[in-house]
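Engineer: Supplied in structure tokens, the structure appears directly below.
The values are calculated or read from the model by the stated rules, or taken from the named source; none is laboratory data. Being a predicted model, the structure only gives us computed values, none of them experimental. Note that we place each Cβ from the backbone using ideal geometry, even for glycine, and neighbour counts take in every protein chain shown. SASA here: full protein model, heavy atoms, side chains in, ligands and nucleic acids out. Shrake-Rupley method; radii C 1.70, N 1.55, O 1.52, S 1.80 Å.
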Number of protein chains: 2
Amino acid sequence: MSRVLAADLAAHEGERVTVKGWVHRIRDLGKITFIVLRDRSGSCQAVFDGPPRLAAADAAHGSDGGHLTHESVVAIAGTVAANDKATGGFELQEPTLELLAAADPELPLSVNRDPAQYGLDAVLEHRMISLRNPKLLSVFRLQAELVRLFAETLRAEGFTEIKTSKLIGTGTEGGTGLFEVQYFDRKVYLAQSPQLYKQAMVSAGLERVFEIGMAYRAEKHDTPRHINEYVSLDVEMGFIDSEHDLMDLEQRLLAAMFAGVAESCSEILDTWDGTVPTADEIARIPRIDYDHARELLKEARGGARVLEINPEGERELCDWAQAEHGVPAVFVHGDPQRKRPFYTYPTDDNKTMSFDLLFRGLEVTTGGRRINEYQMLVDSIRRFGLDPEAMQDYLQVFRFGCPPHGGFAIGLERLTQQILGLANVKEATLFPRDRRRVTP
Amino acid sequence: MSRVLAADLAAHEGERVTVKGWVHRIRDLGKITFIVLRDRSGSCQAVFDGPPRLAAADAAHGSDGGHLTHESVVAIAGTVAANDKATGGFELQEPTLELLAAADPELPLSVNRDPAQYGLDAVLEHRMISLRNPKLLSVFRLQAELVRLFAETLRAEGFTEIKTSKLIGTGTEGGTGLFEVQYFDRKVYLAQSPQLYKQAMVSAGLERVFEIGMAYRAEKHDTPRHINEYVSLDVEMGFIDSEHDLMDLEQRLLAAMFAGVAESCSEILDTWDGTVPTADEIARIPRIDYDHARELLKEARGGARVLEINPEGERELCDWAQAEHGVPAVFVHGDPQRKRPFYTYPTDDNKTMSFDLLFRGLEVTTGGRRINEYQMLVDSIRRFGLDPEAMQDYLQVFRFGCPPHGGFAIGLERLTQQILGLANVKEATLFPRDRRRVTP
């Protein structure tokens, strides 16, 4: 009998079918036992007379002395019958059960309880098991949708996907914050971003490129917003007039991605009390320059001097945007040169054509126009105390004709975190790496 | 005047438009000069009376003493007129030219010549410039399509995309062939594959997962088929009956991917004299076991004993499949246990439920059913001389109920190489990493 998914029982009323999955819950009422089976589509229940007995061969196979254990993998054959009280309105009656893989009874944490009762450390320590919890796993179903929608939206705008090396010969942003790799008999580094390669591919003629790949930051931060390895959704676009073209693009992109998850992930959003801004709200995201942002914070803080926009300031600016523009997001553009990497296009007042997107109090994007003129770039490299000689490969991109261009990068885990309202970005990371954690 | 793409001139006959791109070719006939401009859509020509003069400001900006240079980035405004001899049947007349970014006249290699005249070393050494050649760049347009089609086809079969860490605490396949990373005050390794994580995600309940990510092999091979960092198209699927379910899946997947590139990349295929097998051909791929493969080679070699299937053998087996089954591809399954990693499901005759796909003489996929039973896996780990204690996180996946499952991985660069008939896999890698090369 070929397998039917739990979510598809309704289409098989009265038929005898087989479902396969994990034993999510066992409710032993003495005379009858309910087994809730979980598969990739959802869950369904089967009603046994008394305890579900395992075949002798199965019992010998492991499990708990012939008793069925939570999380064991089973196949249940039964007749599909309507039952208003069952998930999905149908259940399996007169079932027989075959054990496919027995689970040890001593689970490190319960899969079928509200995960909120476990601390983040326990959830991450036992990641292989905690991810079985449907609510925790659903984070990554939504994340997969964000990846899909990012790529599809950009392709529709003429962008080409690229895959560039994460092993780089020299640090490009001054050599700090890089993880060192022993590469045969020399040292190389893990790329902090595909920045230089995506610029190279714009200039090679693709003009519009995106990359979905890992980025590495050897920073010792230990905060709810930092991880040392993350998925960077990178975009780079040629023939722009200014950084505003990039903010326009990001607004179109986010509007499409948010509309997409609102449609395909509505149940997941409900489970987490998560929401996404509408396209109208995204279109209203204000753009304020760095000085204006500091003025707003100064006002909000009763006139105290504001030197930097710190995490608290990012939250306050989003509150301001919500109050004034009806959207909890704001672009802050025109950072001072000292706050941006050497490749950022400068303006006459020692500022830059850069921007950040703050969303619900967290920076989820950084971007800007890049320097595309060879001599200006060489001068900037020197001013940052770097060595143009060490960057000859990169400089070739600009020495031989590079169009005006710019781009941005969205942190996938942070975006997921802000959509679902997760307290820590690690909850939006399958197998997070931080200063102390490299397993599982 | 907003920008029009070179490929779209036909829609603007008689209008004055602006195109933007790179100066691909300058043909100076004295009285008139043809400039071929290249953009992401293709190319088009503009016809100037005499040499195209640069504005004084532009001339001072760089370039070659007021002369236009190849690869400079320009905007050309002109009137669209039909001309049968021009690419696409239209050209720009009465043009004016604005220099956006001047190119140094001393190009390290010519962008507009047949790239076959340059050796691979020169092409890779000057990758930032060689990728501007439309033929060389087209390899990566096709590759982007393979990535898209891989993901779309699997999503339609219920697979979820995952992104897993590439930094692993311990080597999983015996510790050889791993690159070491200095991770704060400890050593970690670059993952050779997402193998253990994709198994974990099947078992966590996604059942069907795929990942598109980098894989690292610290192997000293220096051959046309090896690179040390590559894009692995990984698939893992739960609730299979045998490894034949996986080969079935791969055949459906390749048929869809090949049909997709035949449609969207027909020009690229023509440029390279590349072809893809049809769906009918893919359906005919024979499946032979390891011993049968060795027998075939023995016969083909006049009875000489065949110990291993070496690269020459892989070519001969594909020739055999072409002759006997009309498709240049063959699955070889049932490798002996000693040739496969510890997690491969064994059979009673010291073989395994594994397979390779050979395509046009090259292994492009390796896969198989995995061990899903806890005790069998612990025993196998020990038999391979590894330490189950060091793999407790991984073993949790199996200790608490893991369905029968398996998967495979396709090397993206190798698949691209075989479709286009490239001599070296590095030609199908944007920025290849080999034993000597970590730049650009």
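Engineer: Give B:LEU120, B:LEU107, B:LEU92 a once-over and let me know the one that is closer than 25 Å to B:ASP434 by Cα, at pLDDT 95 or above and not assigned by TED's automatic domain parsing to the domain that holds B:PRO224.
Structural biologist: Checking each option against the conditions leaves just B:LEU120.
Engineer: Working carefully through the options B:GLN417, B:GLN392, find the one that is modelled with pLDDT under 95 and in a helix (DSSP H, G or I).
Structural biologist: Only one candidate qualifies: B:GLN392.
Engineer: On to the next question. Of the residues A:ILE285, A:ILE309, which single one is in contact (Cβ under 8 Å) with a residue 60 or more places away in the chain, surrounded by 14 or more Cβ atoms within 10 Å (Cβ to Cβ) and of a type outside the set (Lys, Arg)?
Structural biologist: Going through A:ILE285, A:ILE309 in turn, the sole match is A:ILE285.
Engineer: Just need a number here: residues in region A:289-344 that are under 25 Å from A:ASP248 (Cβ atoms) and in a loop (DSSP other than H, G, I, E, B).
Structural biologist: 9
Engineer: Could I ask something else about it? Of the conditions (1) crowded, with 16+ Cβ neighbours inside 10 Å; (2) assigned by TED's automatic domain parsing to the domain that holds A:LEU233; (3) out of contact with any Lys or Arg (no Cβ under 6 Å at 6 or more places or on another chain), A:LYS135 satisfies every one except a single condition; which number is it?
Structural biologist: For A:LYS135, the exception is condition (1).
Engineer: Out of all the residues in region A:230-258, which are facing chain B (nearest Cβ under 10 Å), open to solvent by less than 10 Å² (accessible area, probe 1.4 Å) and over 30 Å from B:SER110 (Cβ atoms)?
Structural biologist: Matches in region A:230-258: A:VAL231 only.
Engineer: Quick one: which strands (runs of 3 or more DSSP E) sit completely within region A:1-112 and have at least 2 residues that are within 14 Å of another protein chain (Cβ to nearest Cβ) and surrounded by fewer than 20 Cβ atoms within 10 Å (Cβ to Cβ)?
Structural biologist: Fully inside region A:1-112 and qualifying: A:16-28.
Engineer: Looking at the structure I just gave you, is B:GLU324 within 25 Å of B:THR223 (Cα to Cα), surrounded by fewer than 15 Cβ atoms within 10 Å (Cβ to Cβ), out of contact with any Pro (no Cβ under 6 Å at 6 or more places or on another chain) and not basic (Lys, Arg)?
Structural biologist: Here the answer is no, as B:GLU324 does not meet what is asked.
Engineer: Now a separate question. Please find, among B:ARG435, B:ARG399, the residue that is closer than 15 Å to B:ASN228 by Cβ and open to solvent by 10 Å² or more (accessible area, probe 1.4 Å).
Structural biologist: Testing whether each residue is closer than 15 Å to B:ASN228 by Cβ and open to solvent by 10 Å² or more (accessible area, probe 1.4 Å) leaves just B:ARG435.
Engineer: Shifting gears a bit: Consider region A:113-136. How many of its residues are within 8 Å of chain B (Cβ to nearest Cβ), part of a helix (DSSP H, G or I) and closer than 23 Å to A:ARG27 by Cα?
Structural biologist: The total comes to 2.
Engineer: Quick check: is even one residue across region A:363-372 part of a helix (DSSP H, G or I), within 11 Å of chain B (Cβ to nearest Cβ) and modelled with pLDDT of 95 or more?
Structural biologist: The answer is no, given that none of the residues of region A:363-372 is part of a helix (DSSP H, G or I), within 11 Å of chain B (Cβ to nearest Cβ) and modelled with pLDDT of 95 or more.
Engineer: When you scan region A:74-92, how many residues do you find that are polar (S, T, N, Q) and touching a Cys at 6+ places or on another chain (Cβ under 8 Å)?
Structural biologist: Of the residues in region A:74-92, 1 are polar (S, T, N, Q) and touching a Cys at 6+ places or on another chain (Cβ under 8 Å).
Engineer: Name the single residue, out of those in region B:161-189 being more than 22 Å from B:ARG340 (Cβ to Cβ) and either modelled with pLDDT under 95 or more than 7 Å from chain A (Cβ to nearest Cβ) (or both), that is farthest from the chain's Cα centre (by Cα).
Structural biologist: Ranking the qualifying residues of region B:161-189, first place goes to B:ASP185.
Engineer: Across region B:345-362, which residue is surrounded by the fewest Cβ atoms within 10 Å (Cβ to Cβ) among those that are among the polar types (S, T, N, Q) and not in a loop (DSSP other than H, G, I, E, B)?
Structural biologist: Filtering first and then ranking leaves B:THR352.
Engineer: Please specify each residue of region B:333-363 satisfying the condition of being hydrophobic (A, V, I, L, M, F, W, C) and under 15 Å from B:ARG383 (Cα atoms).
Structural biologist: Across region B:333-363, the qualifying residue is only B:PHE342.
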